[in-house]
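Peer 1: Attaching a single structure in structure tokens format; questions to follow.
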Amino acid sequence: MLNCREVTRLYSESQERELTVKERLLLRMHIAMCSGCRNFGEHMKFLREAMRAYAKGRDNTGGK
Amino acid sequence: MTQQVPAADTPSGASKHVGLYDDDFLEALRRQMLRFATLQLSDAHLAEDAVQEALIGALRNARSFSGRAALKTWVFAILKNKIADILRQRLRVVDASSLLREDDEDEDFSVLFNRRGFWQADEHPATWGNPHESLRESQFWRVFETCLEGLPGNQARVFMMREFIELDSSEICASVGITTSNLNVMLYRARMRLRECLENRWFANGEQAC
């Protein structure tokens, strides 16, 4: 079983590379029981989205 | 702004694009760009030059934009390219060992996790509700920038190369001269910091100042 620290590492790495089947299974088993890491996973996705929006000149910020 | 703004010299274009030459609009845009470039480059002069060039280019082509939003998108795309060029050049001359040294400092997030590697009770990442709505709030972006500025310099630079310029890992590793696992550690640390900062300063407290 993975602990939370390992899960957060995996979530971060999943933004650079495709996780292996085993890694994905372990991740899934962990977040089934751990709401903190589940939230963390969502936050990672959101960070990337926010960075993309930011890089586009933050057009969503009332620049219309 | 000292460069000369070409007057809208054809009658057909004049009325449509007059809003693009509006001083307040340009000044606000310039300030936003400058903040953005300074954050990336941590060099006020380089930032000023990049912004100036991008703006001059945009105004030269003003006629091809349908309005302010289009111009803004274009001008930030140009600025982003200029910043990317400068960063690539700069990283090539940076000593890779110094890049890692800063990051070697004992940053294992031991406050966040207990000895067995599970979240400490009060460090559990919270639910952010519907965070996408924040993307429309200018106050959110101020917090976001503050959090980005809070990242240690090299961590921030590598993170920006990855997430802002969207280089892939191998390209970053090659140009900076670090291994994939070095890079992964730096990106992980940057994301951990940024996440925590956003949670503490925005998602937990709403719009209060820190």
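The values are calculated or read from the model by the stated rules, or taken from the named source; none is laboratory data. All values reported here derive from a predicted model rather than from experimental measurement. Note that each Cβ is placed from the backbone with ideal geometry, even for glycine, and that neighbours are counted across all protein chains shown. SASA here: full protein model, heavy atoms, side chains in, ligands and nucleic acids out. Shrake-Rupley method; radii C 1.70, N 1.55, O 1.52, S 1.80 Å.
Peer 1: For the stretch B:158-188, name all the residues that are under 24 Å from B:Leu112 (Cβ atoms), open to solvent by 20 Å² or more (accessible area, probe 1.4 Å) and more than 11 Å from every other protein chain (Cβ to nearest Cβ).
Peer 2: Passing the criteria: only B:Asn182.
Peer 1: In addition: Does B:Leu79 fit the bill of being within 14 Å of chain A (Cβ to nearest Cβ), at pLDDT below 85 and farther than 20 Å from B:Leu198 by Cβ?
Peer 2: No; evaluated as a whole, the condition is false for this residue.
Peer 1: On the given criteria, is B:Arg191 exposed (fewer than 15 other Cβ atoms within 10 Å of the Cβ), within 13 Å of chain A (Cβ to nearest Cβ) and either at pLDDT 85 or above or closer than 23 Å to A:Gly36 by Cα (or both)?
Peer 2: no
Peer 1: Is there a residue being modelled with pLDDT of 95 or more, more than 30 Å from B:Gly67 (Cα to Cα) and at the interface with chain B (Cβ under 7 Å from one of its Cβ atoms) anywhere in the stretch A:26-39?
Peer 2: Looking through the stretch A:26-39, at least one residue is modelled with pLDDT of 95 or more, more than 30 Å from B:Gly67 (Cα to Cα) and at the interface with chain B (Cβ under 7 Å from one of its Cβ atoms).
Peer 1: Okay, next question. Restricting the stretch B:120-129 to residues that are facing chain A (nearest Cβ under 10 Å) and over 29 Å from the mean Cα position of the chain (by Cα), which is surrounded by the most Cβ atoms within 10 Å (Cβ to Cβ)?
Peer 2: In this case the residue turns out to be B:Gln120.
Peer 1: Please list, ordered by residue number, the helices (runs of 4 or more DSSP H) wholly in the stretch B:10-73 having 3 or more residues that are at pLDDT 85 or above and either open to solvent by less than 50 Å² (accessible area, probe 1.4 Å) or β-branched (Val, Ile, Thr) (or both).
Peer 2: Correct list: B:23-41, B:44-60.
Peer 1: Here is a further query. Does the stretch B:127-138 contain at least one residue that is of a type in the set (Val, Ile, Thr) and at pLDDT below 90?
Peer 2: Within the stretch B:127-138, none of the residues are of a type in the set (Val, Ile, Thr) and at pLDDT below 90.
Peer 1: Another question about this same structure. Within the stretch B:134-149, which residues are under 18 Å from B:Asp43 (Cβ atoms) and open to solvent by 20 Å² or more (accessible area, probe 1.4 Å)?
Peer 2: Once the filter is applied, which keeps residues that are under 18 Å from B:Asp43 (Cβ atoms) and open to solvent by 20 Å² or more (accessible area, probe 1.4 Å), the stretch B:134-149 yields only B:Glu149.
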